[in-house]
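S.K.: One structure, as structure tokens, below. Some questions next.
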Amino acid sequence: MERVDAVVVGAGPNGLTAAAILAEAGVTVRVYEAAPVVGGGARTEPLTLPGFLHDPCSAVHPLGAGSPVFRALALERHGLEWIQPELALAHPLGDGSVATLARSPEQTAATLGAAGRAYLRIVAPFLDRWDTLAHDVLRPVTSWPEDPLLFAQFVARAGLPVKLLSALMPDERARAMFAGLAGHAIAVPTSPATGGVALLFALAAHAVGWPFPRGGSQSLSDALAAHVRTSGGEIITGHRVESLDELPRARAYLFDLSVEGLLGIAGDRLPGPYVTRLRRYRHGPGVFKIDYALSEPVPWTAEECRDAGTVHVGASEAEITAALRAVVHGRPPSTPFLITAQPSRFDPTRAPPGQHVFWVYAHVPFDWRGDLTGPVEQQIERFAPGFRDVVLARAAAGPPDIEARNPNNVGGDIALGRFGGVQALFRPVIARTPYATPNPSIYLCSSATPPGPGVHGMCGYHAARTVLRRVFGLGDESVAEVTGIRP
Ligand SMILES: Cc1cc2nc3c(=O)[nH]c(=O)nc-3n(C[C@H](O)[C@H](O)[C@H](O)COP(=O)(O)OP(=O)(O)OC[C@H]3O[C@@H](n4cnc5c(N)ncnc54)[C@H](O)[C@@H]3O)c2cc1C
């Protein structure tokens, strides 16, 4: 029977990163991907009209630009180019004011009114410390930090519910902005550690920006795939793996899959008690995604929104909280909180001259079957009157469509698991090395492992590191030599 050293199932950012690291270490690796193209949650497709290039999943990459492993892999050599919008984020409020997140902390603070000084106090210890912070935060909480003092300062703020962190900032603009930043975790603002999500995104804006890859997210995945291939790895697309028996014999199998995906393929090779623990893993809410082709830019009322790569749409902290509370409790939001991005404002390769792509999603309950297009567009119209008049075409996708596009996103859960309770820190189970299963040849490398969702490849990196140590006998120093990342 055919034999390779390692097999990776799934060519999302984490699977490709794991394969790149293994291949660089001289391990023969083969990747199997169900879709006809690589990328998973980092792809670009012509979803609407000819000439419009949409990102069906991720579009904006603060954690990608700030990822230690992407930096170590030097993806720029394989064509990745980051495009930085003038502003990372604009957040227009119902009263006409706007909070903005800029590269400069002072410029950001200046848009937060009376909360400006409090904002600067919150971010101050971490400014110019991104490399250390990313190294210590984008990994399992069980690892000993490189800079314990910095990490402790981060945890003191990050462990708080965003509601408490916001209470330190006496201005609605800052509170709404933080509620929106924490909204990426799809949890209620009173949940512990939602403050950490908001803080990490704010710090990323100051350290590395919130860029788009030129040409769309696919170019990031293509660069990762090129790295795998030039390091000697092989990638097979259009092959949905159903069983371990159809794979070549290998010393290690790494799954860039949801917990359900892992159980479906390899559940019978895992001990019963571990399977029972995996089955307790809980999903979070889903998303409703709309990709638009526009005849002209979004007609935002607020000037600042035109200069921002990402625009959060939620009139106040209370409105955002109500939307998140509804979805977490299984109800669709009547006034949804929207995360929107406008890549073609800064990258002309994405749409025909003068025309634009526009990327929007709202949170909805897990596996929700309704159509949120009306409420989403009503919400955009509040901040960009005349929006509907510039829509040429739209591609809407609710949870079932999102799952059909990528089986990892069960019930439309793009985070591969609920952010809350112990799952906010430990995933998929409480373990010192969460990538390893009790079967010494089976590993999980997807965003169902720490540090969780987002296009950063760090789950893949840590899983590959675990495999190099446990299966191929490389010591920490040798792994660090291969990866270029300090242990
Ligand atoms: C609508 C949406 C918006 C998002 N926005 C952002 C954003 O702006 N910024 C950001 O950083 N993150 C964003 N994310 C999250 C991000 O895309 C994911 O966290 C990330 O892609 C996870 O990477 P992964 O490698 O773990 O898994 P995935 O990207 O899900 O990749 C898994 C791969 O495995 C393949 N696969 C599944 N089952 C099988 C099988 N049986 N056999 C073979 N292959 C299989 C899938 O086809 C897929 O290619 C978004 C996600 C979605 C859906």
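Please treat every number below as a calculation from the coordinates, not as lab data. Predicted model only: the values in this text are computed from it and were never measured. Positions of Cβ are generated from backbone atoms using ideal geometry, with glycine treated the same way; all protein chains shown enter the neighbour counts.
S.K.: Which peptide among 328-335, 438-445, 200-207, 10-17 comes first, and what is the full order, when sorted by highest mean count of other Cβ atoms within 10 Å?
M.R.: 10-17, 200-207, 438-445, 328-335
S.K.: Per-residue ellipticity at 222 nm for the chain, helices alone: DSSP H runs ≥ 4 residues times -39500 (n - 2.57), over residue total, nearest 500 deg cm²/dmol? Don't skip to the end; give the middle numbers.
M.R.: On the way: 19 runs with 169 residues, N = 487.
One gets -9500 deg cm²/dmol as the mean residue ellipticity at 222 nm.
S.K.: Positive end of the charge dipole of the chain (Lys, Arg +1 and Asp, Glu -1 on Cβ, about the Cα centre): tell me which of Tyr274, Gly64, Asn14 has its Cα farthest that way.
M.R.: Toward the positive end, the furthest listed residue is Tyr274.
S.K.: To continue, here is another question. Please order Ser67, Ser231 by the number of other Cβ within 10 Å, starting at the fewest.
M.R.: Ser231, Ser67
S.K.: By average Cβ neighbour count within 10 Å, what is the ranking of 133-140, 285-292 from highest down?
M.R.: Values: 133-140: 21.1, 285-292: 26.0.
Averaged packing, sorted descending, gives the order 285-292, 133-140.
S.K.: Calculate the spin-label point distance for Glu76 paired with Arg382, positioning each point 7 Å from the Cα along the beta-carbon direction, and give it in nanometres.
M.R.: In this crude spin-label approximation the distance works out to 4.1 nm.
S.K.: Still on this structure, please answer the following. Name the GluC sites (Glu not before Pro) in region 17-121 that are in a loop by DSSP and that have at most 16 other C-beta atoms within 10 Å, would you?
M.R.: Counting only loop positions with at most 16 other Cβ atoms within 10 Å, the GluC sites (Glu not before Pro) in region 17-121 are Glu81, Glu86.
S.K.: Going by the alpha-carbon gyration tensor, a ≥ b ≥ c the square roots of its eigenvalues, is region 1-53 rounded (a/c under 1.5) or, if a/c is not under 1.5, prolate (a/b greater than b/c) versus oblate?
M.R.: Verdict is prolate for region 1-53.
S.K.: How large is the Kirkwood hydrodynamic radius of region 378-487, counting all unique pairs of alpha carbons, in Å?
M.R.: In region 378-487 this quantity evaluates to 17.0 Å.
S.K.: Can you tell me the alpha carbon radius of gyration of region 1-132 divided by the globular rule-of-thumb value 2.2 N^0.38 Å?
M.R.: Numbers: Rg = 20.2 Å, N = 132, 2.2 N^0.38 = 14.1 Å.
Working it through for region 1-132, the quotient is 1.44.
S.K.: Consider just the alpha-carbon atoms of region 129-191 and return their Rg together with their Dmax, both in angstrom.
M.R.: Cα-based Rg and Dmax for region 129-191 come out at 13.2, 37 Å.
S.K.: Where a ≥ b ≥ c are the square roots of the eigenvalues of the C-alpha gyration tensor, would you call region 239-295 rounded, which needs a/c under 1.5, or, failing that, prolate if a/b is larger than b/c, or oblate?
M.R.: Working: a/c = 3.97, a/b = 1.63, b/c = 2.44.
Judged from the Cα gyration tensor, region 239-295 comes out oblate (a/c at least 1.5, b/c at or above a/b).
S.K.: Also, I was wondering about something else. Stretch Glu86-Ala393 to full length: gain in nm at 0.36 nm per residue minus the Cα-Cα span?
M.R.: On the way: separation 307, 0.36 × 307 = 110.52 nm, distance 2.69 nm.
Here the segment from Glu86 to Ala393 would lengthen by 107.8 nm.
S.K.: What value does region 200-285 have for Rg/Rh, both radii from Cα atoms and Rh as Kirkwood defines it?
M.R.: Radius of gyration over Kirkwood radius for region 200-285 works out to 1.08.
S.K.: Here's something else I'd like to know. In whole angstrom, how far apart do the alpha carbon centroids of region 176-232 and region 1-63 sit?
M.R.: Between the Cα centre of region 176-232 and that of region 1-63, the gap is 17 Å.
S.K.: Another question, then. In square nanometres, what is one fourth of the surface area of the convex hull spanned by the alpha carbons of region 262-358?
M.R.: 10.1 nm²
S.K.: Work out how far the C-alpha atoms of the chain reach from end to end along every principal axis, then list the three figures in whole Å, largest first.
M.R.: 66, 52, 42
S.K.: Just for the chain, what percent of DSSP beta bridges are antiparallel, to the closest 5?
M.R.: 65 percent
S.K.: I need the Kirkwood Rh of region 100-253: take the reciprocal of the average 1/r across all distinct C-alpha pairs and report it in angstrom.
M.R.: Its Kirkwood hydrodynamic radius stands at 18.2 Å.
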